[in-house]
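Trainee: Provided herewith is a single structure, encoded as structure tokens, for subsequent inquiry.
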Ligand SMILES: [Zn+2]
């Protein structure tokens, strides 16, 4: 009997402990990156970018197909092929027009998560569906397998360990695809490594006005980062100050070739903003974005070719699949998708 009592007390203590732990867990605010990072499909509402590139979310996002006539999406398992329809349409247009310029096709890297928001890993920005990474590696003339898209490494444009472009890798076609992208009025900025900016500064002749949009930044020697401005219909989107009108080849660029930008931070490292952000840090509209219904399928909100989005009139009828020029893809998307890598 006494032994039974002890058992009961132990059990009660255990249950009490678990309850207390549960309450504590419930009272801790969940991280926004966890909530957004696990969404598989977009919010099926009118497209809108809410907040800022590094602090916000996306409603009414669409995906770019895994394959198009002039592009292939990379790292498909990440499920970051989602963007504001204006950005996704722009990537399709760039792929087509760059192909006419002689670029064999785009390898499309990360855009955004289905509903945007902070990511479980990687980028600080890419949160509102207006940022896209495009590899400097041209598309091969064959369709890559799922496994290759996960594992193939991008090629750095730099000489190893330097801030200088490797002329064996850099070609006039690389400059041309950047010029093409910078020429679109929707594009406000293109982030590239300072070494690449320098290369353009040293070599671009004729019209140099587009160089103002080419902005030096850390990283970005494997891919360039296209950023469009706030689209119409996004009153909650916070614009970024326009870059200075100059070509940016003077003093601003010189700073990148000093020690300062590359000096390791002193003292204890602060956690990255995206790693601590809760919903309270994001625009209020992002709660509704999280809770909004999903579209009936990914295919219904995937742009496959130049004919435009196979739209699912959001909140309306089934999409007119017949209007889409290409099958979306016959590449199986891995399920379940790993949350991230
Ligand atoms: Zn980027």
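Trainee: Once you have the Cα-Cα distance between residue 280 and residue 205, take 0.36 nm times their residue separation minus that, and quote the gain in nm to one decimal.
Mentor: Fully extending the segment from residue 280 to residue 205 adds 22.2 nm.
Trainee: Hey, another quick one. Can you list the residues of region 215-236 with backbone N under 17 Å from a point 7 Å past the Cα of residue 260, pointing along Cα to Cβ?
Mentor: Of the residues in region 215-236, 216-218 have backbone N under 17 Å from the label point off residue 260.
Trainee: Mind pulling the per residue volume of the convex hull built on the Cα atoms of region 23-177? Å³ is fine.
Mentor: Convex hull volume per residue, Cα atoms: 149 Å³.
Trainee: Rank by packing, highest mean first: peptides 97-103, 265-271, 185-191, with packing defined as the count of other Cβ atoms within 10 Å averaged across residues.
Mentor: In descending order of packing, they fall as 185-191, 97-103, 265-271.
Trainee: Another question, then. Quick one: if you stick a label point 7 Å off each Cα along the C-beta vector at residue 155 and residue 269, how many nm between them?
Mentor: It is 3.1 nm.
Trainee: While we're here: Applying a 10 Å radius around every beta-carbon, put 34-40, 57-63 in order of their mean neighbour count, most first.
Mentor: 57-63, 34-40
Trainee: Starting from the Cα of residue 101, step 7 Å along the direction of its Cβ; do the same at residue 162; then give the gap between the two resulting points in nm.
Mentor: Going from the residue 101 label point to the residue 162 one covers 2.5 nm.
Trainee: Based on the mean of other Cβ atoms within 10 Å per residue, sort peptides 70-81, 204-215 so the most packed one is first.
Mentor: Most protected by this proxy first, the peptides run 70-81, 204-215.
Trainee: Report Rg/Rh for region 200-293, rounded to two decimals, where Rg is the Cα radius of gyration and Rh the Kirkwood radius.
Mentor: Details: Rg = 18.5 Å, Rh = 17.5 Å.
On the Cα set of region 200-293, Rg over Rh gives 1.05.
Here, each number is a calculation from the coordinates, and none is a lab measurement. Source: prediction; values computed, not measured. No Cβ is skipped: glycine too gets one built from the backbone with ideal geometry, and neighbour counts run over all protein chains shown.
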